[in-house]
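The values are calculated or read from the model by the stated rules, or taken from the named source; none is laboratory data. Because the structure is predicted, anything quoted here is derived from the model rather than measured. Using ideal geometry, Cβ is built from the backbone for each residue, glycine included, and neighbour counts are taken over all protein chains shown.
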Amino acid sequence: MCQIDGRPLNPKTFSDIFTRRVARSGLPRIRLHDLRHTHATLALRAGIHPRVVQERLGHANVGITLDTYSHVDLDMQAAAAARVVALLVDQEVR
């Protein structure tokens, strides 16, 4: 987003515009930065490689991305457990 004359928009101005639009929408309050967390979490949950998410967020290393922006929920825990069980069951069948 830029100003009408093409100059860059101050990041605070962009955040202020976002805040006003959220308030007008009647939706619960959310910060612009919260969208960054949501994007990273959904991307990682969708199986997008962490290095790709790291680059999209502009982090220096993937550890920052995983430590700061990925959130493990109960569905992710259940899926991980099911995958491990599938490996064990598969081993027993052979």
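Odds and ends about this structure:
- Check on LEU35, in a loop (DSSP other than H, G, I, E, B), out of contact with any Pro (no Cβ under 6 Å at 6 or more places or on another chain) and under 30 Å from GLN3 (Cα atoms): no
- Residues in region 56-83 that are under 16 Å from ALA46 (Cα atoms) and touching a Pro at 6+ places or on another chain (Cβ under 7 Å): THR65, LEU66.
- Candidate set: region 9-52, residues that are of a type in the set (D, E, K, R) and farther than 30 Å from ALA78 by Cβ; chosen: the one farthest from the chain's Cα centre (by Cα): ARG24
- Only residues that are within 19 Å of the chain's Cα centre (by Cα) and either at pLDDT 90 or above or not in a helix (DSSP H, G or I) (or both) were counted in region 66-94, giving 4.
- From the options ARG51, ARG29, ARG24, residue that is at pLDDT 90 or above, part of a helix (DSSP H, G or I), surrounded by fewer than 10 Cβ atoms within 10 Å (Cβ to Cβ) and among the charged types (D, E, K, R): ARG24
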